[in-house]
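What follows is a short report on a single structure.
The values are calculated or read from the model by the stated rules, or taken from the named source; none is laboratory data. Quantities reported herein were computed from a predicted structural model and do not represent experimental measurements. Methodologically, a virtual Cβ is constructed for each residue, glycine included, from the backbone with ideal geometry; neighbour enumeration extends over all protein chains shown.
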Amino acid sequence: MKKQLGSLLFLVAWLVILPVFAFGQIPQPLISGLKSGDAKVIAAHFNENIELAILDQETVCSKAQGEQILADFLKQHRTLNFEISHQGGNESSYAIGKMTTSNGNFRIYFLIKSKEEKSLIVQLRIDKD
């Protein structure tokens, strides 16, 4: 009886704690897209309108335009690796990472907001590291 009660309490605690750990996490397909330099995979996580700041160019554009701008950048800077160095947030999530490319290193910052139970990038910034 005590063993069953202990198992039940563990299960209930796990179900309560799991959403706390899951919230604010960066979607794994997005990280994979950043590691491989795949603009299509990354853009799949874009909001309908996205604020892009790539090097010295800043714009607010549609999801499709943002994908094209990002694809142009990634063609010029072939991605070798990407690692997240910091992430956090409560109502919205953010991450800062380092992208190693064939033409140097870049600092990547993105802001994610949840819309209709989906995590979408509303801001993406790429700066020379």
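Some values worked out for this structure:
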read-out: Residue count, segment 97-110 (criterion: over 14 Å from VAL122 (Cα atoms) and part of a strand (DSSP E or B)); value: 9
read-out: Residues of segment 44-79 classified as aromatic (Phe, Trp, Tyr) and under 15 Å from PHE106 (Cβ atoms), total; value: 1
read-out: Residue within segment 48-55 that is at pLDDT below 95 and of a type outside the set (A, V, I, L, M) present; value: no
read-out: Only one of LEU111, LEU70, LEU80 that is of a type in the set (A, V, I, L, M, F, W, C) and in contact (Cβ under 8 Å) with a residue 24 or more places away in the chain; value: LEU70
read-out: Enumeration of residues in segment 69-96 that are assigned to a strand (DSSP E or B) and among the polar types (S, T, N, Q); value: THR79, ASN81, SER85, GLN87, SER92, SER93
read-out: Answer residue from segment 27-41, given it is touching a strand residue (DSSP E or B) at 6+ places or on another chain (Cβ under 7 Å) and in a loop (DSSP other than H, G, I, E, B) and is surrounded by the fewest Cβ atoms within 10 Å (Cβ to Cβ) among those; value: PRO27
read-out: Test for ILE108: is it more than 12 Å from LEU34 (Cα to Cα) and surrounded by 15 or more Cβ atoms within 10 Å (Cβ to Cβ); value: no
read-out: Flag for SER114 being under 16 Å from the mean Cα position of the chain (by Cα) and surrounded by 12 or more Cβ atoms within 10 Å (Cβ to Cβ); value: yes
read-out: Considering residues of segment 94-129 that are among the small types (Gly, Ala, Ser) and modelled with pLDDT under 90 only, the residue farthest from ILE31 (Cα to Cα); value: SER114
read-out: Residue ID - surrounded by the fewest Cβ atoms within 10 Å (Cβ to Cβ), chosen from residues in segment 42-59 that are among the aliphatic types (A, V, I, L, M) and over 14 Å from VAL122 (Cβ atoms); value: LEU55
